[in-house]
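First up is the structure itself, then whatever we jot down about it.
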Amino acid sequence: MIAKSNPVETIDEHTGHLLEGFEYLKNLYGDRFSDNELQLIKLAAVYHDCGKSNFNFQKMIRKKANISFSEDELKFEKDIEKMYKSINNGESVPHGFLSPAFLNLSELESEFCKEDIRILINAIYFHHTRDYSFTDREIKNMVDEDLKKRLKVNLQSRYFGKVYINQKPIEDSEWIKFAVVKGILNKLDYWASSDRRVPIEIKPDINDKYIGDVVEQKIDTCNLRDVQIYMKNNQNENLVVIASTGIGKTEAALLWIGDYKAFYTLPLKVSINAIYERINKEYGCPKDKLALLHSDSFNYLLEKENELSTEKNNLTRKLAFPLTICTVDQLFTFVYKYRGSEILLANLKYSKLIIDEIQAYSPEIIGKLVYGLKLITDAGGKFSIITATMPPIFEYYLNKQKINYIKPQQVYYSPHKNRHLISLKSGDFEYSDIVKNSKSKKVLIICNTVRKAQETYENLKGSNVFLLHSKYIQKHRHLLEDKIMDFTSKNNNNVGIWITTQIVEASLDLDFDILYTEMCTADSLLQRMGRCYRKRDYLEQDPNIIIYDTRNGVGKEPGKGVYDSYLYDRSLCYLKKYSDRLFKEEDKIDYINDVYSTQDLINEKFSGRIEKAILECRNIVPGLYDEKEAKQKFRDISSVSLIPDSIFNKINTGGYFDNLIAGLQNKYSAERTKAESELKSYTVSIPGNTNKRDRKPICGNVVIYRTSLKYEFDEKTLEGRGLLNEEESDNFI
C-alpha cells in the first residue's frame, strides 16, 4: 500500500519514519510524558495512515507514482466506485476518517479506559484538518464495502460513535490529553513527511552545556544578582517574579530554563528582535539553537542575515528549536481549540514558558493567557512570569483558576533606586523646553497615538528629530529601530530628539536622559519611564520625567481607544502624590498596587473583561473555529496590509515587482516564502480598513492592497512621517 508518491513510500515505510521520530523524541524528552501518554502516541503513529489503503486514495496515489493495480486488486472496482459515488463527498473521504477501523477495540478496551480509547480514535480521525462530515452508516459502508472486501482483514466500524462532534463540548482534562496525543502525532507526521535531514527536535545543549550554563559562565557565578540566584534555584517551580527594569530579568529567566526546551514571549516584535540578537551576541547562543517567531520574523531575519534557509524557517514553524523567542499569539491561539492547534499545547507540555512584561497586555488577552496557563500546567508544562510590575488583579485570576506557582517574598529592585524625578502637567508638550534640552541631552517623547506623534514631529521638525511608530513600511521601520538602538548605545554621544509611540515600551535596552510623555495607564507609564535613566541614579534638581495629562487615546467606553478611561483616571489620581519629587522603585510598586487593587477592581468592568475572556475560552467547543478565525479573535484586531502608491511605483520598475509576483506563484515553497516576505517588507499594516485602497489585492496569492494614502520617508536621512491617514482612529500606536 502506497502512502507517498514523490518519492514513492509505502504506508509501512512512512509509519517506520514516524516511529523513528517517536524514539528520538522519547529519548530526549520522554521523562516529561507518562507511560500512558507515550503508549497512546505510539499507537496513534502506528495506525494513523492505515486509511490510506482505501481504494480511492490508492487509485490517486498510484496514478501519480505510475504504479498499476494487479487484476486481483481491481476485482471489486465497479462496486466500490458506485458505493463511494452514492455518498456525498465519498470519493474525497479523508484517510484519517477510515484509519480507526484498523484498531482492535476489544484488545484496547482491556488495556485502556474509555476516555483513552476515545482520545486515540479522535487523534487518528482528526490528524489532518478536513471539513468533510459523514454519518455513522456512511463510514460503515466505506469500511465494509471497500476496506474489508479488498484487504480481507478483520476491521470494525463502531469507532464512529466515539468521534468528537463539533456541537458537543469536551471536558478540559480530556481535551488536554487529546491535544498532547494528536499534537505529538502531528509533529511526528510533519517530520516523517519531510526529508528528515534534521532531527525532529534540536538538542538543547550547546557543547555539552545548556543555555543557562552559558549565561552563568558569561556573568560569572560570583556576580549573579539575587533575582538570578532565585530563579536558578527554583527551576522546578512555576514562578511569578517582580523585578525592576535593568536588573537582569532576561538572564534570570534563561538560568531558570535548565535543560528544558523553552519559549520566551514578549509583547512587541521590536523587543523580541532585540532579545534574539542579544541572546545570540552577548551570550553566544548559536542561531542553530535559537529561533525567532512572530508575524514578520522571516523578513527580519532575511534582512539581517541576508540568506535565511527555508529549512530553518520550517523548523521554527514546527517549534523544533531549544529556545524560541516569540509573541504570545504564536502560541496561545490553542485556547480556541481549533483543529491543528493541538501541536502548540503538546509542545508546551514538555517545555518551559517565559512571559515577560505581562502588564503590557489588554484585559481580554490576560484572560486568554490565564486560561492558557491553566491548560499548560495541567498538561505538565511550566511557566514563569517575569515583570517589572504585576497588577494584583492578575494574580487574583491565577489563584482563582488554581494555577500553582510560587512567588518570592521580596521585589527585586534595581540598585539605582532614585532614577526618576517626575512632574505632572496639563495641556500639550512645551516644545521650546524640548528643543532647549535636546541641545545637550538625548530626549525621548512618547505619544499615545500615531497621529499625535506625527503632529509632534511636525512641530519639532528640523531640530535633529526622528520619528518611530507602527505606520512605516516594514523595511523603513527596521531602519528606524536600528537607528534608535544605536542612538542610545553606550558608545554614541549624539544628542537629539526621538518621538515614538508605546512600541518602545517593553524590554528594549534604551537609555535616554529625559522623557516627555502623554499620561497613560500606570503599567504603560512605568514602562515608558524605564526607557530613561535605565541604569543610573538621577542627581539633578529639575525633573527628568515630564508627564502631560492630555487624555489623548483614552476610550469613552471599555475596549475602545488605546487606554481604558477608568484605569486612566485611577492612574492619574494615584500619580498626583508623587509629582515634583523622586519616584523611587518602592513607590512604583505601591503605585501599581493602588491602581490595580483587586478589592477596587473586582466588581468593575476591567475585571469583568478578564473574567469574560476566561469563560469564553472554557466554553469553546473544539473545532468550532478554524486557525484564521482563532488568530483574529486572539488579538481581536482585524487589519489590512497596504503598499502606498509611492512605494509601489518605485518597486514596479525594471521587472522587480513582476519577479516578486512570479516568485509567489513558484511551485517551490522556499521561493514562495521568500517572495512573500520580500513583498511584505514594502507593506504597512493598519487596524480596520480604509476607503483609500484598491478593491482587489495586488495579486491573488496574498492579501495586500495598494493605497493612495500619502507616505513620507527618506531612506538616506530617515526623515518623514510614514503613512498619513486622515481616517485614523484612536487605536493606532
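What order, most packed first, do the peptides 200-208, 256-264 have when packing is the mean number of other Cβ atoms within 10 Å of each residue?
256-264, 200-208
Treat the count of other C-beta atoms within 10 Å as a stand-in for reagent exposure and order Cys285, Cys113, Cys222 from fewest to most. It would help to have the intermediate numbers written out before the result.
Numbers: Cys285 20, Cys113 11, Cys222 5.
Result, fewest neighbours first: Cys222, Cys113, Cys285.
When only alpha carbons are used to place a centre, the stretch 30-65 and the stretch 330-366 end up 27 Å from one another. Cα extents for the stretch 25-72 along the principal axes, largest to smallest and rounded to whole angstrom: 49, 18, 14. Radius of gyration (Cα atoms) of the stretch 421-583, expressed as a multiple of 2.2 N^0.38 Å: 0.99. How many percent of all Cα-Cα pairs in the stretch 600-657 sit more than 14 Å apart? That tail contains 74 percent of the Cα-Cα pairs. Around the amide H of Ile704, modelled in the peptide plane, lie the amide H atoms of Ile698, Cys699, all under 5 Å away and 5 or more residues distant in sequence or on another chain.
Dimensions of the stretch 1-82 based on its C-alpha atoms, expressed as ranges along the principal axes with the largest first, amount to 51, 26, 16 Å. Among the chymotrypsin sites (Phe, Trp or Tyr not before Pro) in the stretch 447-490, none is located in a DSSP loop while being surrounded by at most 14 other Cβ atoms within 10 Å of its own Cβ.
By how many degrees, 0 to 90 and rounded to 10, does the Cα axis of helix 172-192 deviate from the longest principal axis of the chain? Between the helix axis and the principal axis of the chain, the angle is about 80 degrees.
Calculated on C-alpha atoms, the gyration radius of the stretch 211-400 divided by its Kirkwood radius gives an Rg/Rh of 0.94. Compared with the dominant principal axis of the Cα atoms in the chain, helix 114-125 is inclined by about 90°. Filter Lys168/Lys400; Lys633/Lys674; Lys352/Lys584; Lys63/Lys85; Lys289/Lys337 down to the pairs with a C-alpha to C-alpha distance above 22 Å, please. Where the Cα-Cα span goes over 22 Å, the pairs concerned are Lys168/Lys400; Lys633/Lys674; Lys352/Lys584; Lys289/Lys337. Between amide H atoms placed 1.01 Å from N, distances below 5 Å from Gly496 occur with Lys441, Lys442, Val443, all of them 5 or more places distant or on a separate chain. The stretch 496-520 and the stretch 627-650 have Cα centres lying 26 Å from one another. Each Lys or Arg adds one and each Asp or Glu takes one away; over the other residues whose Cβ falls under 14 Å from the Cβ of Phe466, this sums to -2.
Built from the Cα atoms of the stretch 637-723, the convex hull projects on average onto 6.5 nm², one quarter of its surface area. Here the convex hull built on the C-alpha positions of the stretch 557-637 has a volume of 138 cubic angstrom per residue.
With respect to the chain, whose longest principal axis is taken over its alpha-carbon atoms, helix 474-487 is tilted by about 40°. Between the stretch 170-215 and the stretch 568-608, the alpha-carbon centres lie 42 Å apart.
If you take all other residues with their beta carbon under 10 Å from the beta carbon of Phe160, and give Lys and Arg +1 and Asp and Glu -1, the sum is +2.
When the P(r) of the stretch 2-192 is calculated, the portion above 25 Å amounts to 36% of the C-alpha pairs. Could you give the semi-axes, largest first, of the ellipsoid that matches the chain, computed as the square roots of 5 times the alpha carbon gyration tensor eigenvalues and rounded to whole Å? That gives 50, 30, 24 Å for the three semi-axes. Translational diffusion coefficient of the stretch 375-450 (Stokes-Einstein, Kirkwood radius from Cα pairs, 37 °C, 0.692 mPa s): 187 µm²/s.
Bear in mind that the values in this text are calculations on the coordinates, not laboratory data. Everything quoted here is computed from the prediction, not taken from an experiment. Glycine gets a Cβ as well: all are built from the backbone with ideal geometry, and neighbour counts include every protein chain shown.
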